[in-house]
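S.K.: Questions regarding the structure given below will be posed in turn.
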Amino acid sequence: MKRLITGLILTPFFFYVVALGPSWAFLASLAAVGLFCLYEFLGILSARFPSYESLQRNPAIYAAGLFFMVLPSQEGVLLTLLAMLLMVAVLRMRDLAGSLPMASGAMLGVVYIFGAWRCGVFLRAMDPWWMLFALAINWLGDTCAYYAGSAFGKHKMAPRVSPAKSWEGAAASLLGGIVIGTLFIQYQFPHVGVGRAIALCATANIAGQLGDLAESAFKRGAGVKDSGNLLPGHGGWLDRVDSSLFSVPVVYWLLTQQWFLK
């Protein structure tokens, strides 16, 4: 019930912000969710490595995330500057033996979260409905997987990483994502052929499922159940958007490839 109530509250808000709201509201919402996700990601890292607990309280790391999300494109220079900033940020560590893995973990968290949201900024600039599609394709798939897996799930998909996930649920997520996503694309973007729409939906859904499993692997390795507790029934913000952090960059990349659009 908590999961349903939280979804009913968040869905119309995100629909408005992504598809209809002003650019400043979209950017502010993206930044806020990104900061929450990064905080939770660093919490997972510090749960596995307690000496890195100071990561969550280092403002330079959060500034690096926002910096990465909004600066004009020049990815090679941007990543170099980002790495430099994070290397400087760990100078405050008491245990310098952990400075290298700490900076590496922070770098991964910043690029993983704010790099995806950077793609989201570009994707919404192309068309807000594409951004809504990239987010919703996996939220709808998650719903299909949850109910199909609960009713029919017998074959474990990745028991070491996420024991509750089944191949039946994954198939339901993929099928639901393809059907609903293709109908949406044909309605909103009729110039996109059915074949490309199906390919886009399938790729985005699979990417999202892999993103969910990747975050689960981090949590299981760190010995934590949820990334946070800010969203009743869902856990943390990172738990809610882990699939989108994979699907948004994939959708943006495909839509910018000439070979895919031909």
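Each value in this text was obtained by applying a stated rule to the coordinates, not by laboratory testing. Note that the structure is predicted; figures quoted are calculated from it, not measured. Backbone-built Cβ (ideal geometry, glycine too); neighbour counts: all protein chains shown.
S.K.: Which number gives the lysine pairs in the chain that have C-alpha atoms under 26 Å apart and are eight or more places apart or on different chains?
M.R.: Final tally of qualifying lysine pairs is 13.
S.K.: Report the charge-dipole magnitude of the chain in Debye, nearest 20, computed about the Cα centre from +1 at each Lys and Arg Cβ and -1 at each Asp and Glu Cβ.
M.R.: For the chain, the charge dipole is close to 320 debye.
S.K.: Follow-up question, since we're still on this one. Rounded to the nearest 10 degrees, what's the angle between the helix 128-152 long axis and the longest principal axis of the chain, both from Cα atoms, 0 to 90?
M.R.: Helix 128-152 and the main axis of the chain meet at about 80 degrees.
S.K.: Something else: Between beta-carbons, use under 15 Å as the cut-off and find the net charge around Val18, counting Lys and Arg +1, Asp and Glu -1.
M.R.: Details: positive: Arg124, Arg240; negative: Asp127.
With Lys, Arg at +1 and Asp, Glu at -1, the net is +1.
S.K.: Among Ala116, Ala204, Ala28, which one shows the biggest mean-square fluctuation in a GNM of the chain, springs joining Cα atoms closer than 10 Å?
M.R.: Ala28
S.K.: Based on the Cβ-Cβ distance from Ala222 to Ala60, what FRET efficiency comes out when R0 is 22 Å, to the nearest 0.05?
M.R.: 0.45
S.K.: Counting only helical runs of four or more DSSP H residues, what would the 222 nm mean residue ellipticity of the chain come to if each run contributes -39,500 (n - 2.57) and the total is spread over all its residues?
M.R.: The helix-only estimate for the chain comes to -24500 deg cm²/dmol at 222 nm.
S.K.: Any chance you could give the angle, 0 to 90 degrees and rounded to 10, that helix 2-15 forms with the longest Cα principal axis of the chain?
M.R.: So the helix axis and the longest Cα principal axis differ by about 80 degrees.
S.K.: Using a/c under 1.5 as the rounded threshold, could you call the range 2-261 rounded, prolate or oblate? The axes a ≥ b ≥ c are square roots of the C-alpha gyration tensor eigenvalues, and prolate needs a/b larger than b/c, oblate otherwise. Let's see the in-between values first.
M.R.: Values: a/c = 1.89, a/b = 1.30, b/c = 1.45.
Here the range 2-261 falls in the oblate category.
S.K.: R0 = 41 Å: FRET efficiency of Ser99 with Gln188, Cβ-based, nearest 0.05?
M.R.: That gives a FRET efficiency of 0.30.
S.K.: Round to the nearest 10 and give me the degree value, 0 to 90, for the angle of helix 59-70's Cα axis relative to the longest principal axis of the chain.
M.R.: Relative to the chain, helix 59-70 is tipped by roughly 40 degrees.
S.K.: Mean-square fluctuation check for the chain, GNM, Cα pairs under 10 Å: which of Ser150, Ser46, Ser166 is largest?
M.R.: Ser150
S.K.: With label points built 7 Å along Cα→Cβ from the Cα atoms of Ala151 and Phe67, find their separation and express it in nm.
M.R.: About 5.1 nm separates the two model spin labels.
S.K.: Got a sec to turn the phi values of the range 219-227 into Karplus ³J(HN,Hα) couplings, 6.51 cos²θ - 1.76 cosθ + 1.60 with θ = phi - 60°, whole Hz, x for Gly and Pro?
M.R.: Ordered by residue, 3J(HN,Hα) equals 5, 5, x, 8, x, 10, 7, 10, 6 Hz.
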